[in-house]
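Input: a single structure, listed below in structure tokens.
Bear in mind that the values in this text are calculations on the coordinates, not laboratory data. Worth saying up front: this structure is predicted, and the values here are computed from it rather than measured. Reconstructed Cβ throughout: ideal geometry from the backbone, glycine too, with neighbour counts over all protein chains shown.
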């Protein structure tokens, strides 16, 4: 099959190489700062890359800011309109974390966008890479071992669940938060300490590491001021994030916003996760690979 891989970080670059290694014909656009291995063809024009592709794969997230293609490996700037304008309705177009403006634009052009991040198999596998990346950052950014440290994980979604499991496996004392009574029950069932996300102020001062996974402001200036000296705050949430970084800087809190961790710490695995998910989508559409 002919694939076009458009924009993105090292995940997309490795995705292109993996697709080519599987025997597919692969062209790329807006991945020009690095040289790709194998039989991948790097194009300088979007039309040349996408014209005869049966499947076009855009990045995760699809935009870096409204209207702009997420393309950190490109020497130029590209708009989503530029990309979508050369595509045909019959082509299969996949992208990750599609924002409302991009989806509206695609709809106006009669193009169907499939969000591969909404696939559960990708979200779970991606959470594993994100959790491992978070642990790497904790080891790099703190002067203590994870073993015997007190860690607070805010949010008990996919990443929160896996991260709690990994941290406890390394000997940490783990507390997890959630809003729903069902999730709080699961936290206790797994053997972690449980707190309601809205009621963590009284215990914040005891933690060595605070990791947020909730994409909403849960760590404002008041809560950040409670943290003990030397506490590391790690925000894994997608934009707009869950932490007031301006307040953290003013208060001297060590805070890291770790966006797109899977692509940073495990691009080959992350590329393989996207590839496998795309294959699943194609198989469900009856397309033999």
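Between residue 136 and residue 81, the distance separating the two model label sites (each 7 Å from Cα on the Cα→Cβ line) works out to 3.8 nm.
Taking label points 7 Å from Cα along the Cα-to-Cβ direction, residue 250 and residue 193 give a separation of 2.9 nm.
Helix-only mean residue ellipticity at 222 nm, the chain, DSSP H runs n ≥ 4 weighted -39,500 (n - 2.57), per residue, nearest 500. What is it? Don't jump to the answer; show the numbers that get you there.
Working: 11 runs with 109 residues, N = 289.
Helix-only estimate at 222 nm: -11000 deg cm²/dmol.
If you take the beta carbon distance between residue 181 and residue 123 as r and set R0 to 22 Å, what does 1/(1 + (r/R0)^6) give as a FRET efficiency, to the nearest 0.05? Please report the intermediate quantities before stating the final value.
On the way: r = 23 Å, r/R0 = 1.06.
Step by step, r from the Cβ atoms, then E = 0.40.
One equal scatterer on each Cα of the chain, no solvent, Debye formula: the resulting log10 I(q)/I(0) at q = 0.07, 0.15 Å⁻¹ is -0.30, -1.07.
How much length, in nm to one decimal, is gained on full extension between residue 147 and residue 90, taken as 0.36 nm per residue of separation minus their Cα-Cα distance?
On the way: separation 57, 0.36 × 57 = 20.52 nm, distance 5.33 nm.
In short, 15.2 nm is gained.
For the peptides 253-261, 85-93, the ranking by mean Cβ contacts within 10 Å, running from highest to lowest, is 253-261, 85-93. Label separation (residue 37 vs residue 272): 1.3 nm, computed from points 7 Å beyond Cα along the C-beta direction.
Between the C-alpha center of segment 35-75 and that of segment 125-162 there is a gap of 31 Å.
Taking 0.36 nm per residue of sequence separation and subtracting the Cα-Cα distance, how much length would be gained by fully extending the chain between residue 21 and residue 168, in nm to one decimal?
Values: separation 147, 0.36 × 147 = 52.92 nm, distance 3.77 nm.
Here the segment from residue 21 to residue 168 would lengthen by 49.2 nm.
Legend: translational diffusion of segment 55-115 by Stokes-Einstein, Rh = Kirkwood radius over C-alpha pairs, 10 °C, 1.306 mPa s; D = 139 µm²/s. As a length-normalised measure over Cα pairs under 8 Å and 6 or more apart, the relative contact order of segment 175-287 settles at 18 percent. Dividing the mean sequence gap of close Cα pairs (under 8 Å, 6+ apart) by how many residues the chain holds gives a relative contact order of 15 percent. Highest GNM mean-square fluctuation, the chain, Cα pairs closer than 10 Å: which of 67, 75, 241? With Cα springs under 10 Å in the chain, the top fluctuation among 67, 75, 241 is at 75.
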